[in-house]
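Read the structure below first, then the notes.
The values are calculated or read from the model by the stated rules, or taken from the named source; none is laboratory data. Fair warning: this is a prediction, and the values are worked out from it, not measured in the lab. As a convention, Cβ positions derive from the backbone with ideal geometry for all residues, glycine included, and neighbour counts pool all protein chains shown. Each accessible area value is taken on the protein alone, full model and side chains, heavy atoms only, with ligands, DNA and RNA left out. Shrake-Rupley method; radii C 1.70, N 1.55, O 1.52, S 1.80 Å.
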Amino acid sequence: MTNVICLGLAVWDQIFTLDQLPSGGGKNFATSFTEVGGGPAATAAAAAARLGADTALWSRIGGDDVGRRILDDLQSYGVDTATVRRFTDKNSGLAVVLLDSAGERMIVTPGDPGLDNDPAWLPLEQVAEADAVLADLRWPQGAESLLAAARQSGTASVLDADLTSEPEAIAPLVEAASHVVFSAPALRAFTGQEDARAGLAAVRARTQGVVAVTAGAEGCFWIDDDDISGHQPAFPIEVVDTLGAGDVFHGAFALALGERQPLAQAMRFATAAAALKCTRPGGRTGTPNRAELEKFLQEN
């Protein structure tokens with residue numbers, strides 16, 4: 001079984017569905033409410049596990065009841081949470097998600113929860129035994145340690161380069177990862193380029209690894225380590241809920257790399273996983289299993 005390690009943020013999402021996203025102050029009435037586990041690395045880990053990987057999450061949470069719910073939810077997906085460290089005097093992360101009838105969302109989440117940033121306790125010797133690792137940007141010190149260990153052992157590594165409250169932390173992590181996948185807003189913020197391909201070219205000048213961007217309805221663009229550009233078009237779907245789609249992409253992509261899928265095939269695999277998730281409500285709960293994904297790929 002393919003072994004994947006994911007490192008980064010685990011939170012608890014409170015999802016309010018509305019007819020349309022609010023544009024100003026005042027009272028707004030939701031049509032539905034649900035709670036699910038969230039966080040980029042945590043959702044990527046859940047997605048990789050659901051798609052058949054032996055997956056571990058390395059993360060930090062509080063010692064509160066929210067933290068217990070986060071762990072219970074991850075374990076229900078089969079994610080190994082032995083290296084999720086709990087800080088008894090801290091609160092776990094919460095995110096309020098507003099979702100409209102077209103599937104678009106607005107997320108409100110606090111910044112740094114004040115958890116200890118020192119990654120010295122991480123079992124980095126396990127990286128050499130993994131087939132792939134993934135890190136988000138929410139714990140830069142941990143991500144730097146994980147990516148350095150992956151480079152030293154020759155393990156494939158994925159950086160989930162999304163928007164962050166610590167933009168100064170992105171550059172060294174981009175240089176350390178073997179595969180960097182930006183969200184479109186994060187790529188624009190990092191490079192100042194509106195065009196996806198121009199943005200990727202700017203990033204490629206700073207790293208020898210593969211650089212890519214997920215661009216919603218435009219699909220996924222990338223430049224490989226031979227400077228060859230690629231594009232995976234988006235699959236035609238009816239969007240219900242985009243929450244967690246990028247995280248599912250990253251988890252599926254890390255699994256595909258761990259399985260040694262060729263790059264274009266791995267991009268198609270991850271794009272399909274994210275597309276399927278978007279056809280279902282409930283954030284992470286809409287993640288497809290491997291049989292569902294294989295069937296979707298055969299039909300498309």
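For region 97-144, a tally of residues being open to solvent by 20 Å² or more (accessible area, probe 1.4 Å), hydrophobic (A, V, I, L, M, F, W, C) and farther than 20 Å from Val79 by Cα returns 6.
Looking across Ala102, Ala53, Ala47, one residue alone is touching a residue at least 60 places away in the same chain (Cβ under 8 Å), touching a strand residue (DSSP E or B) at 6+ places or on another chain (Cβ under 7 Å) and among the small types (Gly, Ala, Ser). It is Ala53. Of the residues making up region 194-225, just one is under 21 Å from Arg50 (Cβ atoms) and open to solvent by less than 10 Å² (accessible area, probe 1.4 Å), namely Cys220. The test for being in contact (Cβ under 8 Å) with a residue 60 or more places away in the chain and over 22 Å from Asn3 (Cα atoms) does not hold for Gly63. Out of all the residues in region 136-155, is one or more in a loop (DSSP other than H, G, I, E, B), touching a residue at least 12 places away in the same chain (Cβ under 8 Å) and touching a Lys or Arg at 6+ places or on another chain (Cβ under 8 Å)? Yes: region 136-155 contains one or more residues that are in a loop (DSSP other than H, G, I, E, B), touching a residue at least 12 places away in the same chain (Cβ under 8 Å) and touching a Lys or Arg at 6+ places or on another chain (Cβ under 8 Å). Run Thr191 past the list (1) over 23 Å from Ala266 (Cβ atoms); (2) buried (at least 24 other Cβ atoms within 10 Å of the Cβ) and report the number of the one that doesn't hold. So Thr191 meets the others, but not (2). Residues that are in a loop (DSSP other than H, G, I, E, B) and under 25 Å from Leu115 (Cα atoms) within region 23-55 comprise just one, Gly39.
Within region 226-256, the residues that satisfy the criterion of being modelled with pLDDT under 95, under 24 Å from Ala48 (Cα atoms) and of a type in the set (Asp, Glu) are Glu238, Asp241. For Gln20, the requirement of being assigned to a loop (DSSP other than H, G, I, E, B) and either open to solvent by less than 40 Å² (accessible area, probe 1.4 Å) or among the polar types (S, T, N, Q) (or both) is met. I'd like the full set of residues that are at pLDDT 95 or above, open to solvent by 10 Å² or more (accessible area, probe 1.4 Å) and outside any loop (DSSP other than H, G, I, E, B), limited to region 276-297. Within region 276-297, Leu276, Arg290, Ala291, Glu292, Glu294, Lys295, Phe296, Leu297 qualify. For Thr55, the test of being farther than 21 Å from Ala149 by Cβ, touching a helix residue (DSSP H, G or I) at 6+ places or on another chain (Cβ under 6 Å) and surrounded by 16 or more Cβ atoms within 10 Å (Cβ to Cβ) is failed.
Listed conditions (1) in a loop (DSSP other than H, G, I, E, B); (2) surrounded by fewer than 17 Cβ atoms within 10 Å (Cβ to Cβ); (3) in contact with a Phe, Trp or Tyr (Cβ under 9 Å, 6 or more places away or on another chain) are all met by Leu9, apart from (2).
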